[in-house]
Every structure is written in structure tokens, then in C-alpha cells.
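The values are calculated or read from the model by the stated rules, or taken from the named source; none is laboratory data. For clarity, every value in this text was computed on a predicted model and none was experimentally measured. As a convention, Cβ positions derive from the backbone with ideal geometry for all residues, glycine included, and neighbour counts pool all protein chains shown.
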């Protein structure tokens, strides 16, 4: 656990060297200006968060003030958290007391790279202190215990057997409780964690709620707490650190190829392949860039992986910014699955499927995942719902029952939605029309066949036809589906359709249908749905 109590002011002073001290950040609360954060010099002058801005200026005339920008600070702290993934595979922001300030690192299986947990803690604290941040830290067996020690007894490693002894004398605020709960417990004379743990649990729950017992159990390891990692956790990765930072994309791609060779050898030794690869670029200004590519099939071929990242880099354009340089590059593999080695004979005749998948991968990495789609049959008899589009590199299994019936003729071209037509001299009650007017052009039919009757699907009430998956709110730029027609919602009350194949005097064959029957109140409606030639 790393705790940065002065993150807001330290970050702003690093970003703007012209800011003077003492520095205070204020915000409007209930119509008044209150201090939201203060630096160390302001604390030494007697200021604290929550004070009135006018009173603070009266106490410290030399006070420098600025309105707090919480979205900016939260985004900067998120980037700062991602940068720490070069020290731990699991890094999370703990939002209990705010969206910036508390950082959780899982050091399981990592501390030996630094010479032990104590050496790792000293290295992380020294690195942040050296660049101007005030930081406190702790290593413990639970997130709750690490948070408590980092805030109230910082800079120590707590062994699992010593957790109870170290947490017991800490103030009750070490349990991450609300101010109202802390005030209530203090009013009962319970001011230390050890005093609360010895009380009857049912009485505490009845008065302070289940959250008090939850925090207590999380701190002592009775209840597991799993932080949400900022970046995907990869068990298989290769990385390279540079003594002198690099900045050119060509150098990054050369390093990505070398790392692809390393991770490919590791996957081969384990008999595995991967379908997703993530390239993390750690900048010296504490930010991380992440490039991700996907493969249609599990692979471990270094040349193919490197080409995917080369195509992906072309989409960056002006968005690529190495800042003051990149000092660490990590390549991680995800979505692994068994991939056995294949021996190819001298006279083998490849079917081209592997080359086609590689082409899909290159096109998707260059153009975007949703720019390369395939048609997938749906289990329905409604023509406009018969197929859907999905990314070709994220194919889902085909439904055997959705395959079309070869005995039913279907047009080569299907309109996205049926278009109304006007017919002339239709043979009643069930015959085809003698001609039609479509888009203000008349057509005379010389022969026709049908009808083929299709009934409505009542269970699709109110659903809108989707040819491609809906766009997610967090979709990346360039991941917009290329085809999103505004089709009407499906009406299960619609009447049965009777489809006809009609050929005009010019040899053109149309697929049209009648909805409704003659003799009704409104009469039938005719629509054109596709073309055979």
C-alpha cells in the first residue's frame, strides 16, 4: 500500500513550477468556499482541509490558492497508478477515501526481485520521494491492514502473525469508516481498533451497520478483499528496461519484436498460444501507453505478433507521444489456450486457412476490430434477421440450426429493410401482381412464382434489428461499426408475409411480398425485399 497524502498539491507543483507555497486548493461547498487540499507549508502555518477560504487567507496572507480540478487529479492519479505496474502485476486505486491518494500493489511473488519486501518498500518510497512526492507505505497480508498501517503507522512491513498486535492500538479511523461511524464509536469510548474487535458483533451491527463488521473482518483477514486492477493482469510477459530512454516508434517496434521472440519461446515451452497481446510503454514522466492487438487464432509466432503491432502503430498517427522518453517496455500475452506443435510434411498442401486468418489479423490491427466483419447466420426465418455481422477475429461458434435451407430460394441482394411498392392488377386472393411501381419507376412482370408464407415471430416484441453489436460507451476511437441502419422495431402483431419471385420483361427478378389479405379493413400492403439478378 502506498499513501500519498499531498498528491493534489504535489502533482500541481510538479506540473507547474511557477506555483508558489504555501498552496491551498479550494472548492465550493454549500455556497461557501472551503479548502479541499493544502500542502505541507500550509499545514505548518495552521491550515487544514475544510477551513473557510476567507479565514485561511486572513491567517496566512501569503497563501497561494487555486480552485481544485478533481477530474484532472483523478485522471492523473490513474495514469500514475498504471505506471506502477512495472513494479507489480496488480495495481489498483483504492477509492474508499477518494479517487486519488491510495494505491494498492500486490507484491506476491514480486518482492524477491527487489531483495525482499522491506527492500522493495524502501525502493518504492525512495523513488517517489526523490521526484517530489510525500509518500507513506506499508506491506501487510491484507489490504485493510496495509491501509491502516500506511496511514497511521507508516513505513513498515507487517508479518501475518503481528497483524493483530500492530492494528490493536491504532485509532478507530484505521478501519476506513465514515465520519459518522467514527464519531459514534468515539462517543461510546471506543477509540482504538482493539477495543472494537472485542465488542459483541450483533450490537455493533445493530447500531453502526454491517459495513463496520465488514471493514473489521477485511483488516484481520476474516473476509477476502480483492482490489480491481487498473490494467489486465498477465501471467506471461517479457520486458526490457533501458538505461537511456528511447522515443522513436521504430525503436519501440524493434524492441517489441525482440520481446515477441522471448514470449514466443516461453509459450512454446508450455505448449500454449495466445490470442491477445498488450504492449505497455512506460514513460519517464510516470505515464503508460498501452497498445493491444488480437489474433483470430492462438499464435506464438514472433514475426506475426510484431507485424500486428506495426500495423497497430499506423493507427496512432499524432496520438503517439513518448513524452520525455520510454524507459521500460513490456509485452504481455493474454487469452492463452493449448497450442500443440505441428509437423508439416514436405508434400503437404495447405488449405490457406492459416494465411487467411493472418490477413484478418493484419487488417483488424490496421483498420480496427469492427472494420473487418463476417456474416453469421441466425436461427430465424425472418429474412432481415437471418444474418448478423461480428468481428472476424472474435468469431463465435456457428449455430448448426441456423444454416439456411438450400431448398428455399433467396435473393443475392437483400435490402436492409423492405420498401413499399404500388402494384397493379394483382391476382386475388393469393396471386402475384402483374406489375409494380418502385421508386417512381414502373415494372411489368411476365411470370412469377409463389407464394412462400412466413409468419411473424411473436417472442421478439419490441426488439430492434441489429446487424452489428451495439456501440459501447467506452469504445475507443476508430471502433465504430461501419453499418448501423436505423431499422424499425419488430412488430409481432404484423400480419403474415407471402413472398413471390417475379420477373419483368427486362429479365430482372425481384423478391417481393404481400402483408395482409384482400377483403380486410385496410387491405394488403406490398413490399420489395430483394433482387435475384
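At a glance:
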read-out	value
Residue match in the stretch 434-453 (condition: closer than 21 Å to residue 378 by Cα and at pLDDT 60 or above)	yes
Answer residue from the stretch 265-280, given it is free of Cβ contacts under 8 Å to residues at least 60 places away in the same chain and surrounded by fewer than 22 Cβ atoms within 10 Å (Cβ to Cβ) and is farthest from residue 340 (Cα to Cα) among those	278
Criterion violated by residue 41 - all others in (1) within 30 Å of residue 141 (Cβ to Cβ); (2) crowded, with 16+ Cβ neighbours inside 10 Å satisfied	(1)
Top-ranked residue in the stretch 5-22 [being closer than 19 Å to residue 77 by Cα and in contact with a helix residue (DSSP H, G or I) (Cβ under 7 Å, 6 or more places away or on another chain); ranked as surrounded by the most Cβ atoms within 10 Å (Cβ to Cβ)]	8
Failed condition for residue 216, given (1) more than 24 Å from residue 284 (Cβ to Cβ); (2) in contact with a strand residue (DSSP E or B) (Cβ under 6 Å, 6 or more places away or on another chain)	(2)
Restricting the stretch 488-511 to residues that are under 44 Å from the mean Cα position of the chain (by Cα) and not in a loop (DSSP other than H, G, I, E, B), the residue that is modelled with the lowest pLDDT	489
Residue match in the stretch 186-205 (condition: closer than 23 Å to residue 145 by Cα, surrounded by 14 or more Cβ atoms within 10 Å (Cβ to Cβ) and touching a strand residue (DSSP E or B) at 6+ places or on another chain (Cβ under 6 Å))	no
Condition met for residue 98 (exposed (fewer than 14 other Cβ atoms within 10 Å of the Cβ) and touching a helix residue (DSSP H, G or I) at 6+ places or on another chain (Cβ under 9 Å))	no
Strands (runs of 3 or more DSSP E) (entirely within the stretch 305-415) containing at least 1 residues that are within 30 Å of residue 452 (Cβ to Cβ)	373-377, 387-391
Boolean, residue 146 is in contact with a strand residue (DSSP E or B) (Cβ under 6 Å, 6 or more places away or on another chain) and surrounded by 20 or more Cβ atoms within 10 Å (Cβ to Cβ)	yes
The lone exception for residue 108 - which of (1) more than 21 Å from residue 7 (Cβ to Cβ); (2) in contact with a strand residue (DSSP E or B) (Cβ under 8 Å, 6 or more places away or on another chain); (3) part of a loop (DSSP other than H, G, I, E, B) it fails	(2)
Any hit, the stretch 163-175, residues being modelled with pLDDT of 90 or more, under 23 Å from residue 220 (Cβ atoms) and within 30 Å of the chain's Cα centre (by Cα)	no
Subset tally (residues that are within 24 Å of residue 214 (Cβ to Cβ), assigned to a loop (DSSP other than H, G, I, E, B) and in contact (Cβ under 8 Å) with a residue 24 or more places away in the chain) for the stretch 114-153	3
Identity of the residue in the stretch 512-533, closer than 18 Å to residue 456 by Cβ and surrounded by 18 or more Cβ atoms within 10 Å (Cβ to Cβ), that ends up modelled with the lowest pLDDT	524
Test result for residue 183, farther than 30 Å from residue 105 by Cβ and either outside the structural domain of residue 278 (by TED's automatic domain parsing) or touching a helix residue (DSSP H, G or I) at 6+ places or on another chain (Cβ under 9 Å) (or both)	yes
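Here is a yes/no grid of residues against (1) in the same structural domain as residue 152 (by TED's automatic domain parsing); (2) within 28 Å of residue 123 (Cβ to Cβ); (3) in contact with a strand residue (DSSP E or B) (Cβ under 7 Å, 6 or more places away or on another chain):
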residue	(1), (2), (3)
8	no, yes, yes
32	no, no, yes
40	no, yes, no
46	no, no, no
51	no, no, yes
64	no, no, yes
83	yes, yes, yes
